[in-house]
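The values are calculated or read from the model by the stated rules, or taken from the named source; none is laboratory data. Computed from a predicted model, the values in this text were never measured in an experiment. Cβ: placed from backbone, ideal geometry, glycine included. Neighbour counts: every protein chain shown.
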Amino acid sequence: MRKNLAGIIQLLSEAEDMGDPVEEGDQGMKAALLYGPRDVRVEEVSKPRLEDGEVLIEPRVGGICGSDMSRYRSGPMICPPVVIGHECCGHIVRLGKGVTNFEVGQRVVIQPNCGCGNCLLCRMGRDHLCPRRISLGVTVDGCFAEYVKAPARYVWPITDDITDEQAALVEPLAVAVKTVRRMGNPAGRRVMILGAGPIGLLVVQLLKLNGATVSLADLIERNLLLGRQLGADEVVNVTKYDPRENAGSLTGGEGVDVVVEIAGVTKTFEQAIEIVNPGGKIILVGIPPGVANIPPEPIVRKEIEIIGSFIYSYEDFHRALQLVGQVEVAPLISHRVPLEDIGQAFDILDKGEGIKVVINLREEVG
């Protein structure tokens, strides 16, 4: 009898540690739900149900990404409403069955684009291109909530010397890491970046760390001033100067070897063809709407390489974590907003009044 009772107690204890799907789903939490274009509401929803191999996380700080803004303006990609948000850090509150490499209470950051792990692309280390990839805040519920779940494989531990805000911005830093990796060794290269948003400002720092000469172009003077502070050798306000004419000013008329298009504007994509030197590269990060008018002749005659750079790989995210501290993310943060006022946060960015807005998902953040 005592032996059976001890076994029952052990099973109950394990169920509490691993998480019970029914119990979790029946509990409520606050979350930011995207219902449609410019329609974000903070409402009570069910707590996520843990599956095998997943962890339940209590987010502390999240960041609004440019892709969040695209969905805010156009509406969710899946049947609404969806919990929005994918840049975040927090601490683990429950472990799913089979998770042995984490502990409850451990501080972590989520890599929010998760491959299946089994397909050819995943086996090649290109899990970001997985056809069965899930993306927090896009294809599944995201992290602007009191709780979020994620596959344990795509959760990374963070050390005490990394603040919550630094950890929340590892995801956009990983995008910048991937961008620079796609251009090859940047040492000695002359690079023009079209777009001085958060990704562009992070790419500036990575390029300077690796010995490149950097020109940064944008139409917002505030962002350009910050870009100069973060290391850009030259900034070009495109409302006053044509980047095609200024491309050679920094290099004594020799032009630029690489153009990085991050603005996601059709016009800048087209300009990149004219700006880059013969034999140069164009790295496309932004995704402009519509169709660009790209004549093939200059691409052929100038032997231009056009390279797409989409989010990041598993290893890029790992590298971004290692770079926290060497690359400054705090200067990018222009506003801090609580979850209850997340509509205000989107409005700030929609009006072009901020650079990076972070969401405080808990009252006390570090």
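So the values come out like this:
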| read-out | value |
| --- | --- |
| Yes/no for residue 274 being part of a helix (DSSP H, G or I), acidic (Asp, Glu) and touching a residue at least 12 places away in the same chain (Cβ under 8 Å) | yes |
| When residues of the range 205-260 are limited to those that are within 18 Å of residue 277 (Cβ to Cβ) and of a type in the set (Ser, Thr, Tyr), the one surrounded by the most Cβ atoms within 10 Å (Cβ to Cβ) | 215 |
| Any chance residue 97 is more than 13 Å from the chain's Cα centre (by Cα), of a type in the set (Lys, Arg), under 30 Å from residue 340 (Cβ atoms) and not assigned by TED's automatic domain parsing to the domain that holds residue 209 | no |
| Among residues of the range 299-358, those that are among the basic types (Lys, Arg) and within 13 Å of residue 173 (Cα to Cα), counted | 2 |
| Per-region count, the range 93-107, residues outside any loop (DSSP other than H, G, I, E, B) and surrounded by fewer than 21 Cβ atoms within 10 Å (Cβ to Cβ) | 2 |
| Any hit, the range 246-260, residues being touching a strand residue (DSSP E or B) at 6+ places or on another chain (Cβ under 8 Å), at negative phi, of a type in the set (Val, Ile, Thr) and modelled with pLDDT under 95 | yes |
| Set 132, 153: member being assigned to a helix (DSSP H, G or I), outside the structural domain of residue 270 (by TED's automatic domain parsing), more than 27 Å from residue 342 (Cα to Cα) and in contact with a Gly (Cβ under 9 Å, 6 or more places away or on another chain) | 153 |
| Any strands (runs of 3 or more DSSP E) falling wholly within the range 298-366 and containing at least 1 residues that are touching a Leu at 6+ places or on another chain (Cβ under 9 Å) and free of Cβ contacts under 8 Å to residues at least 60 places away in the same chain | 305-308, 333-338 |
| Where residue 159 falls short, out of the listed (1) surrounded by fewer than 20 Cβ atoms within 10 Å (Cβ to Cβ); (2) assigned to a helix (DSSP H, G or I) | (2) |
| Among the candidates 283, 342, 275, 287, residue that is among the aliphatic types (A, V, I, L, M) and in the same structural domain as residue 73 (by TED's automatic domain parsing) | 342 |
| Qualifying positions in the range 71-92 - among the β-branched types (Val, Ile, Thr) and either modelled with pLDDT under 95 or outside any loop (DSSP other than H, G, I, E, B) (or both) | 78, 82, 83, 92 |
| Any hit, the range 181-192, residues being surrounded by fewer than 24 Cβ atoms within 10 Å (Cβ to Cβ), touching a residue at least 24 places away in the same chain (Cβ under 8 Å) and in a strand (DSSP E or B) | yes |
| Given (1) closer than 19 Å to residue 199 by Cα; (2) surrounded by 15 or more Cβ atoms within 10 Å (Cβ to Cβ); (3) not hydroxyl-bearing (Ser, Thr, Tyr), number of the condition residue 287 does not satisfy | (2) |
| Failed item in (1) surrounded by fewer than 14 Cβ atoms within 10 Å (Cβ to Cβ); (2) modelled with pLDDT of 95 or more, with residue 15 passing the rest | (2) |
| Lone qualifier among 269, 310, 317 - being buried (at least 18 other Cβ atoms within 10 Å of the Cβ), in contact with a helix residue (DSSP H, G or I) (Cβ under 9 Å, 6 or more places away or on another chain) and aromatic (Phe, Trp, Tyr) | 317 |
| When residues of the range 261-275 are limited to those that are more than 8 Å from residue 192 (Cβ to Cβ) and among the β-branched types (Val, Ile, Thr), the one modelled with the highest pLDDT | 262 |
| Positions within the range 135-150 being in a loop (DSSP other than H, G, I, E, B) and not aliphatic (A, V, I, L, M), in sequence order | 137, 139, 141, 142, 143, 144, 146, 147 |
